[in-house]
Every structure is written in structure tokens, then in C-alpha cells.
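Encoded as C-alpha cells, the structure appears first; notes follow it.
The values are calculated or read from the model by the stated rules, or taken from the named source; none is laboratory data. Keep in mind that this is a model prediction, so the values were computed, not measured. Every residue, glycine as well, gets a Cβ built from its backbone with ideal geometry; the counts of neighbours run over all protein chains shown. To get the accessible areas, we keep the full protein, side chains included, count just its heavy atoms, and leave off ligands, DNA and RNA. Shrake-Rupley method; radii C 1.70, N 1.55, O 1.52, S 1.80 Å.
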Amino acid sequence: MKDIKAVTETGWNLDNSYAGLPETFFTRLTPNPVSSPKLIILNYPLAESLGLDAQRLESNDSTAVFAGNKIPEGAMPLAQAYAGHQFGHFTMLGDGRALLLGEQITSRGERVDIQLKGSGRTPYSRGGDGRAALGPMLREYIISEAMYALGIPTTRSLAVVTTGETIIRETELLGAILTRVAASHIRVGTFQYASAWGTTRELCDLADYTLQRHFPVADGDEKPYLFLLREVIKRQAELIAKWQLVGFIHGVMNTDNMTISGETIDYGPCAFMDTYDPGTVFSSIDIHGRYAYGNQPDIAAWNLGRFAETLLPLLHENEEQAVEIAQNAVSDFSELYHRKWLSGMRAKLGIFNEEPGDESLIEDLLSMMQKYKGDYTNTFRALTFDKIEDTPMFSTAEFTQWHKQWQERLGREQEQKTSWQQLMKNSNPAVIPRNHRVEEALEAAVKHGDFSVMEGLLDTLSNPYAYSPEQADYCTPPQLTNQPYQTFCGT
């Protein structure tokens, strides 16, 4: 992979290493132009970190780039092919409404994908129009930036433009395109595609490229493909633990939505849990709860099993031995995840060291939260500041006993109260993108053209651990209703 030397005035410094893979993995395309693009929101801090001139990105020429009407110098647009298990069913997929413009090389030498989402039809569109609506693109912008601020690996959003055109779903909607930034868009589904429709040589090319791009420390390793498998497992264990610790529910954990880099990707029917319940599902299409909050670790393990299957020809020439190697590696996921989750939960309770009874202490709290319908985020927020009178759970005999045990546990810590309270503040966000707040922002933007509500929400979410007075209004859970909150895939 080479570093581009010619940098445009705007700061584009694009390379196209993915295009060096066999062409079975992609189709070169020119974006479909739109009639009247308009810049809606631009991520200034992200732009600067990418080495882009934010002021120039506000120009009509840059808006044309974000809309797919103009190709930046050095770009080589392509749609990526991949497959995936969608709700357990394997199918051929691909970028049906997205194009990879190229890879931006930052001043720090980092390489990130620049992708247009909603840019029009591709050979992988499967009858779709390849377009996206403004609401779902703004949702991805809000949630992905909130995840970044929470310290969770994620793709990010550089810009959203409207197209000046309407798209047809259940009704007519305003079209939009999101510019997404990712460490890469290589997915478990990319490897599944190579395994199902490529040659072993092409699978090897993909694996070698992935190692070079994301795991270069594997150079010289005697078993590089086993190293690849183990590293992906480690990253996913850490990622899913971080999801669980903040109450994030992805909503559609298909294998094509699991990145090899370990970033969260595709914010369709995602949402954050208010009342603690492991069975929480928001997605309208997840009618059986396959991707419920409490199932996410098991689904991640299942997806990693599918990834391991694709690597079998590279793990060992003997199929039985390859299967055994893969099974041993994937079996490590549960322990790796559990260790990360338990460490994170200890931190949420201000616990620095380890004792055998810690897990029971944690599980007892979660059980009470479920029984008494405690708000997940606000319960830990109340514990952080010892304001334990804020929900009905805190007036029960069960909680009184639990609180005594927790205080005794903290009393056995070597650190002072100021230290464990700071640990709790650093581990328990004061604010999350509450579902009703996100909907409020989207409604104002989409229906009324008022983006001030979204801007206020984004500003609040940009520092979720600040515990500032300005964040107080954003901490309130939604009003109780008989209608459960439901999300929809962002098509």
C-alpha cells in the first residue's frame, strides 16, 4: 500500500488499495448524480482529523462530492461485494446503495475508507433504488457520533447532504446521502463471499490484504491466518462488551454487519435501552428477538463461527485439523467477552480490584433493575453520586441489603472514595442518545427543516461523561406509554 503524495486544496489524499484485490470483490462504478444537492451537516472535528479543510468542504464543489455529482481527485469509486447471514439465512449481498470513493491517508499516516451511502443503484441493489432518506442518514450521524464520544469503536459520519429528490418508501421522503468514514468496510460477509464464490487464491488475497491493513504486526507470524482469526475474535469481544455496558442494541447483527476491524457499523434499527431488560428488542423486523440486548454476545460468537468457517482452507490443509483449530479459537470468545464485561461492570460500580463475589453483586443489581424496571443509565448515574432515592427500586429491602454489601465491598478497596467515584464517572455516561430525544431531533429536522434540535443533541452527546448541568434535561427517560418504542431499517 502506498501513500499518496499529491494532496488537493481541500485536503483529499486518496489511495485505492482495495481496488488492488481481484475484481471479484467489487465493481467499478460512477455515482449516480442528483438534481440539487444541499449540505445539511458537516462534521468539522472529523474533517480536521482527516486532514481536510473544513471551510472548503462547505463549498458547492465539496457538496457535489458528498452527493456523488463530482469525483475528488485520486478517487476510484467502487461498490464492494459481500455476502451475509441475515437473521440466520445466507444470501448474496453487496453495496446496494453505497460506493467506496477511496481511502483517505491522514497526516498521521492512517488509512480510512470514504464511502457514500445512498448514492444510487449498483449491481448489488437487488431491485432497490439505491437511495436513502434523510431521517435514517441523520440517525446514523447522531448515533455513530454518540458512540464515538462514548469511546466505542465505530464508523463515523463526515457529512449529510440532501439530494433535492424524493424517494418512495411507504410515503414520499426527502432523499439524502451520508458520507461514512471507516477503518475499512471489510466484513465477515466479505470473507463469506470469498469462501462461497471465490477461489482459494482469492480468499488468500483477501486475508493477506486484511492482515496488512489491520494487523500488520502479524508479519513473520508462522500462522498468520490463525492470528487473523484470533485478533478479530478479541476485537469483537471488546466491542460487544462495550455495547452491553452502555445498553446499546444494534438491532440487526447479521454477519454482513460485523466488521473485521472491530468497529460498529450500520445504524439501522439500533437504539439504546432505557428500562433494563435483557429481552429488549426495538427493531420492527426482529419479531423473534434474535438480536435482543441479552442475545448480542451469543450472536457475536455465532457470527465469528461463520468467519472461522471461511478461513478453514487457510488454517490447515487437513480439513479436520482446520475445523479443530477454528473451534478452539472461537471457543475463546465467551471467556474474552465475559472478562471484558466483568471488568467494565466493576468499573461502573467503582471497583478496582477483583474478588470472587463481584459477579454475584453485579448480577443481583441487574436482577433488581429488571424486577423494578429501573432505568439502566440512570441507575448507575444515581449510584455514582450516591443519590439512591430517585427510583422505586431504591426504597426496597432488597436494594437496602444490596447497597450495604456494595458499600462493604468498596470499603475493602485500597483507593479512596474520590478515586472510585471518579472511576464510576468515567465508566457511566451521564447521557446517552435517548430514543425519544433522537426522534424529537429527527422530526424537527425532517418535517420542519429545523436542525437546531439535532445540533443541541449532538453537542450534549459529544461529552457524555461531563455530568454538566446542561445535560440534565437529556437524562430524563421517556414518559411511560402502552406503545413500545420501535425502530425500522434505514432504507
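Suppose the filter is assigned to a helix (DSSP H, G or I) and either small (Gly, Ala, Ser) or open to solvent by 30 Å² or more (accessible area, probe 1.4 Å) (or both); does Ser35 pass it? Judged against the criteria, Ser35 is not a match.
Can you tell me which residue among Asp221, Asp277 is free of Cβ contacts under 8 Å to residues at least 24 places away in the same chain, among the acidic types (Asp, Glu) and open to solvent by 20 Å² or more (accessible area, probe 1.4 Å)?
Asp221 is the lone residue from the list that is free of Cβ contacts under 8 Å to residues at least 24 places away in the same chain, among the acidic types (Asp, Glu) and open to solvent by 20 Å² or more (accessible area, probe 1.4 Å).
Just one of the listed residues (Ser331, Ser283) is of a type outside the set (Val, Ile, Thr) and in contact (Cβ under 8 Å) with a residue 24 or more places away in the chain, and it is Ser283.
Taking each residue of segment 458-476 that is open to solvent by less than 70 Å² (accessible area, probe 1.4 Å) and looking for partners that are of a type in the set (A, V, I, L, M) and in a helix (DSSP H, G or I) with beta-carbon atoms closer than 7 Å, six or more apart or interchain, yields Leu458/Ile142; Leu461/Ala146; Leu461/Ala149; Pro464/Ala149.
Please note which helices (runs of 4 or more DSSP H) are completely contained in segment 299-406 and include at least 3 residues that are under 24 Å from Arg434 (Cα atoms). Don't jump to the end; show me each part of the working.
On the way: elements: 312-315, 319-330, 332-348, 358-371, 376-384.
Where helices (runs of 4 or more DSSP H) fall fully within segment 299-406 and carry at least 3 residues being under 24 Å from Arg434 (Cα atoms), they are 332-348, 358-371, 376-384.
Determine whether Glu359 is open to solvent by 30 Å² or more (accessible area, probe 1.4 Å), in contact with a Leu (Cβ under 7 Å, 6 or more places away or on another chain) and touching a residue at least 12 places away in the same chain (Cβ under 8 Å). Judged against the criteria, Glu359 is a match.
Residues checked against (1) open to solvent by 20 Å² or more (accessible area, probe 1.4 Å); (2) over 30 Å from Met369 (Cα atoms):
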residue	(1), (2)
Ala182	no, yes
Leu206	no, yes
His214	yes, yes
Phe227	yes, yes
Glu238	yes, no
Trp243	no, no
Ile249	no, no
Ala271	no, no
Asp286	no, no
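Taking the criterion of being in contact with a Gly (Cβ under 6 Å, 6 or more places away or on another chain) and buried (at least 20 other Cβ atoms within 10 Å of the Cβ), the residues of segment 76-101 that qualify are Ala81, Tyr82, Ala83, Gly84, Leu93, Arg97.
A count restricted to segment 408-457 and to residues that are touching a residue at least 40 places away in the same chain (Cβ under 8 Å), of a type in the set (D, E, K, R) and buried (at least 20 other Cβ atoms within 10 Å of the Cβ) stands at 1. Restricting Arg213, Arg201, Arg180, Arg139 to those that are basic (Lys, Arg), within 28 Å of Glu455 (Cα to Cα) and in a helix (DSSP H, G or I) reduces the list to Arg139.
Criterion applied to Gly350, Gly294 was being open to solvent by less than 70 Å² (accessible area, probe 1.4 Å) and under 21 Å from Glu398 (Cα atoms), and the one residue passing it is Gly350.
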